[in-house]
Amino acid sequence: MIAVSEAARTLSLFVHIGASIVWFGGLLMLALLVVPELQKTLQGQPALDALLRRLRRRFALWGNLALALLLVTGLLQMTDDINYTGLLQFGNRWSQALLVKHLLIVVLALVSAALQLGVLPALERASLLSERGLGDSQAMAQLQEREQRLTLLMIALAVLILAASAWLAAL
């Protein structure tokens, strides 16, 4: 355990919670409210693809920054916790619950990487082609469906991570 001042712990927790709100709240708002409503309202209009592309870019910036802050502050909080007994030490229930949380985070990171490095660049290319009247609407629909499935998977994983966090706090 690393000795950290009360002010540093408080600031770390504040930043951690704030970053959680930005990332998870933003993901929920976009996936469950903003994007579906934009698609209903602007369906078939060329502005839709451009607007969605801009939203994805903007959220990627803020979302990735929030995830980086979550990682740093989470590590600080973990090493400062009285239940932390060391790296790869799983001798108590808290460490076991933390392992579950970390495994969920790794899966979330892999899903996020698949989305950001695979689907979103392909979707951006398809969107640009569509705006110029050169796109394949079937390919675009498949990419959008893949984006939606991965986003919903990320939301489910985030809910499980929050549940694991609650479990840790209860131990």
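Return the loop-located trypsin sites (Lys or Arg not before Pro) in region 116-158 (DSSP other than H, G, I, E, B) with at most 12 other Cβ atoms within 10 Å of their own Cβ; answer none if there are none. Don't jump to the answer; show the numbers that get you there.
Working: sites: Arg125, Arg132, Arg146, Arg149; in loops: Arg132.
Answer in residue order: Arg132.
So what is the calculated 222 nm ellipticity per residue for the chain, using -39500 (n - 2.57) for each DSSP H run with n of 4 or more, over all residues, to the nearest 500 deg cm²/dmol?
Working: 6 runs with 126 residues, N = 171.
Mean residue ellipticity, 222 nm, calculated: -25500 deg cm²/dmol.
Among the listed options (1) 10, 41, 40, 8, 0; (2) 11, 39, 33, 15, 2, 0; (3) 9, 33, 28, 16, 10, 3, 0, the one matching P(r) over Cα pairs in 10 Å bins from 0, in percent as calculated from these coordinates is (3).
Within 12 Å, Cβ to Cβ, of Leu120, how many net charges do the neighbouring residues add up to if Lys/Arg are +1 and Asp/Glu are -1? Intermediate values should be presented prior to the final figure.
Working: positive: Arg53, Arg56, Arg57, Arg125, Arg146; negative: Glu124, Glu147.
Result for the neighbourhood of Leu120: +3.
Applying the criteria of a DSSP loop state and at most 16 other Cβ atoms within 10 Å to the GluC sites (Glu not before Pro) of region 121-171 yields no site.
Any read-out appearing in this document is the output of simple, stated calculations on the displayed coordinates, not a laboratory observation. If you're wondering where the values come from, they're calculated on a predicted model, not measured in any experiment. Reconstructed Cβ throughout: ideal geometry from the backbone, glycine too, with neighbour counts over all protein chains shown.
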